[in-house]
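One structure is given here, and the rest of the page talks about it.
The values are calculated or read from the model by the stated rules, or taken from the named source; none is laboratory data. Note that this is a predicted model, so its numbers are computed, not measured. Positions of Cβ are generated from backbone atoms using ideal geometry, with glycine treated the same way; all protein chains shown enter the neighbour counts. Calculation scope for accessible area: heavy atoms of the full protein, side chains included, ligands and nucleic acids excluded. Shrake-Rupley method; radii C 1.70, N 1.55, O 1.52, S 1.80 Å.
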Amino acid sequence: MMTQHPALVKGHVAVITGAASGIGLATAKAFAGMGLCVLVDLEGDQLAAAALEVAALSASGDTDVVAIGTDVSKLDELEALERAVIQRFGRVHVLMNNAGIQPGSSLFGPQANWDNVLAVNLMGVIHGTRAFGPGMIAHNDPALIINTGSKQGITTPPGDPAYNVAKAGVKAFTE
């Protein structure tokens, strides 16, 4: 039997990176009815559309749902995001480090692919945790950090070594 974490209650603030699509958007939709939801992704139409979709599921509409464009590969942007969320909502109860990319890589392929995947998929998780974690601990309310991994971080199949390394790093960092 699974119990609900005490941080997942109505009125608590959830920050979800990679929220414009996929797992992040599905999570934002699930959290929308529980309270305040901050959708984080790269600035653009996809993030704006996701925010409208999530706000439509929230009892308070766009009062409880906000989209903030942020590049998780940049620590300064995550620190600015944390300040903006605290200024607007006072505290964060759930952080879901979910943003991820998979442009494909090969052992001897372009360095840019390696740099981009590691910057978003691994450092985005580390930056998010380090930016939000201290405040989440300090407020003494129940809080939760969720880091989205992948079976590829465990099984490390051939075909995309940068992604495998990044997701294995997320597993190690989380543990």
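From the residues in the stretch 120-159 that are touching a Leu at 6+ places or on another chain (Cβ under 6 Å) and small (Gly, Ala, Ser), which one is surrounded by the fewest Cβ atoms within 10 Å (Cβ to Cβ)?
131
Restricting the search to the stretch 26-37, which residues are on the phi < 0 side of the Ramachandran plot and either surrounded by fewer than 23 Cβ atoms within 10 Å (Cβ to Cβ) or without any contact (Cβ under 8 Å) to a residue 12 or more places away in the chain (or both)?
26, 27, 29, 30, 33, 34
Test of understanding: among 137, 145, which residue is touching a strand residue (DSSP E or B) at 6+ places or on another chain (Cβ under 7 Å) and either assigned to a strand (DSSP E or B) or more than 26 Å from residue 26 (Cβ to Cβ) (or both)?
One residue alone meets the criteria, 145.
Being open to solvent by less than 40 Å² (accessible area, probe 1.4 Å) and free of Cβ contacts under 8 Å to residues at least 60 places away in the same chain is the filter here; which residues of the stretch 69-81 pass it?
69, 70, 71, 72, 73, 78 - these are the residues of the stretch 69-81 that are open to solvent by less than 40 Å² (accessible area, probe 1.4 Å) and free of Cβ contacts under 8 Å to residues at least 60 places away in the same chain.
Mind checking which residues of the stretch 150-175 are more than 16 Å from residue 119 (Cβ to Cβ), part of a helix (DSSP H, G or I) and of a type in the set (S, T, N, Q)?
Within the stretch 150-175, 152, 155, 174 qualify.
Among (1) surrounded by fewer than 15 Cβ atoms within 10 Å (Cβ to Cβ); (2) in contact with a Ser or Thr (Cβ under 9 Å, 6 or more places away or on another chain); (3) at pLDDT 95 or above, which single condition is residue 40 missing?
It is condition (1) that residue 40 fails.
Give the number of residues within the stretch 88-119 that are outside any loop (DSSP other than H, G, I, E, B), surrounded by fewer than 23 Cβ atoms within 10 Å (Cβ to Cβ) and modelled with pLDDT of 95 or more.
Selection size over the stretch 88-119: 8.
So residue 22 passes all but one of these: (1) open to solvent by less than 10 Å² (accessible area, probe 1.4 Å); (2) within 23 Å of residue 164 (Cα to Cα); (3) not polar (S, T, N, Q). Which condition number does it fail?
(1)
Scan 55, 59, 162 and give me the residue that is closer than 22 Å to residue 30 by Cα, aliphatic (A, V, I, L, M) and open to solvent by less than 40 Å² (accessible area, probe 1.4 Å).
Answer to the selection: 55.
Examine the stretch 124-138 for a residue that is touching a residue at least 40 places away in the same chain (Cβ under 8 Å) and more than 16 Å from the chain's Cα centre (by Cα), and state whether such a residue exists.
Checked the stretch 124-138: at least one residue is touching a residue at least 40 places away in the same chain (Cβ under 8 Å) and more than 16 Å from the chain's Cα centre (by Cα).
For the stretch 6-51, how many residues meet the condition of being part of a loop (DSSP other than H, G, I, E, B) and under 18 Å from residue 72 (Cα atoms)?
Result for the stretch 6-51: 7.
When you go through (1) within 30 Å of residue 11 (Cβ to Cβ); (2) in contact with a Gly (Cβ under 6 Å, 6 or more places away or on another chain); (3) outside any loop (DSSP other than H, G, I, E, B) one by one for residue 83, which number turns out not to apply?
(2)
Kindly provide the set of residues from the stretch 26-37 that are more than 17 Å from residue 128 (Cβ to Cβ) and either modelled with pLDDT of 95 or more or touching an Asp or Glu at 6+ places or on another chain (Cβ under 9 Å) (or both), ordered by number.
Residues satisfying the conditions are 26, 29, 32, 35, 36.
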